[in-house]
């Protein structure tokens, strides 16, 4: 459909309603029935007619479209190499299909507020799911001031004004660490990017568990690693070469755990004989 409708009269004519009805619909008036409002909202969005753009263009299950956007991870160009995101995509697609919705995967990988705005304004979808927060918490808060049709997969953070859905990261980090401690592991590494919101919360759970078990918190055992195999391998290699003793690894993701296991085996260490490793995502490998 072409763009460029600038008059309310034209929009009303396209929708087959009066100008007053179109105006009321654009202002979400209760005097207009929901089906008519949804029709007009959808037309307005398609034709770039200025209005309150957070209005949904159609009800869930009525040929609605959901856009999936994967923000650029911190320190990397793309997050699509992580199998966990592919698992999330599969879950979103299955749920959308059950409700008669279409799913579009956006080519935009937002790295700042401007990118988020572009992802929203260029999307013809009724709703947008951002898979991951990266370092965009403040940008999502700002976006929520003008947009209400998005949800973020990620952590619940302080002073958050947008909707997010995610796992219980502190509890997960705590349970993973307690599991290793109960196996008798004493020097447990935390491997992950503690500046990333979800990994930061998993790290907090790790620290809580160490305190609970009265195990020493050693800064040498808190090792930065991005959510990728190569980064985890390099981190474990560095620990081994520096002579840091450890017998357990809590990895902030399964991909990080895989890299850790590869590095340990390459160094001639047995997993779990010499070092026990716990991941997070329950991704099948």
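Kindly establish whether residue 142 is touching a residue at least 12 places away in the same chain (Cβ under 8 Å), in contact with a helix residue (DSSP H, G or I) (Cβ under 6 Å, 6 or more places away or on another chain), surrounded by fewer than 17 Cβ atoms within 10 Å (Cβ to Cβ) and not in a loop (DSSP other than H, G, I, E, B).
Criteria met by residue 142.
Please work out if residue 175 is assigned to a helix (DSSP H, G or I) and more than 22 Å from residue 272 (Cα to Cα). Walk me through it before giving the result.
Values: assigned to a helix (DSSP H, G or I): yes; more than 22 Å from residue 272 (Cα to Cα): no.
It is false that residue 175 is assigned to a helix (DSSP H, G or I) and more than 22 Å from residue 272 (Cα to Cα).
Hey, can you tell me all the residues within the stretch 258-271 that are in a loop (DSSP other than H, G, I, E, B) and over 31 Å from the mean Cα position of the chain (by Cα)?
Initially, the stretch 258-271 is screened for residues in a loop (DSSP other than H, G, I, E, B), giving 267-271.
Answer for the stretch 258-271, where residues must be in a loop (DSSP other than H, G, I, E, B) and over 31 Å from the mean Cα position of the chain (by Cα): 267, 268, 269, 270.
Search the stretch 235-245 for residues being touching a helix residue (DSSP H, G or I) at 6+ places or on another chain (Cβ under 7 Å) and surrounded by fewer than 23 Cβ atoms within 10 Å (Cβ to Cβ), and hand back the single one that is nearest to residue 188 (Cα to Cα).
Ranking the candidates gives 244 first.
Of the residues 165, 189, only one is touching a strand residue (DSSP E or B) at 6+ places or on another chain (Cβ under 8 Å) and exposed (fewer than 15 other Cβ atoms within 10 Å of the Cβ); which?
On the way: 189 fails: exposed (fewer than 15 other Cβ atoms within 10 Å of the Cβ).
Of the residues listed, the single one that is touching a strand residue (DSSP E or B) at 6+ places or on another chain (Cβ under 8 Å) and exposed (fewer than 15 other Cβ atoms within 10 Å of the Cβ) is 165.
Would you check if residue 249 is free of Cβ contacts under 8 Å to residues at least 60 places away in the same chain, at negative phi, surrounded by 15 or more Cβ atoms within 10 Å (Cβ to Cβ) and not in a helix (DSSP H, G or I)?
On the way: free of Cβ contacts under 8 Å to residues at least 60 places away in the same chain: no; at negative phi: yes; surrounded by 15 or more Cβ atoms within 10 Å (Cβ to Cβ): yes; not in a helix (DSSP H, G or I): yes.
No: the conditions fail for residue 249.
Throughout, read-outs are computed from the coordinates displayed, never taken from laboratory work. Note that the structure is predicted; figures quoted are calculated from it, not measured. Please note: Cβ atoms are built from the backbone with ideal geometry, for glycine as well, and neighbour counts cover all protein chains shown.
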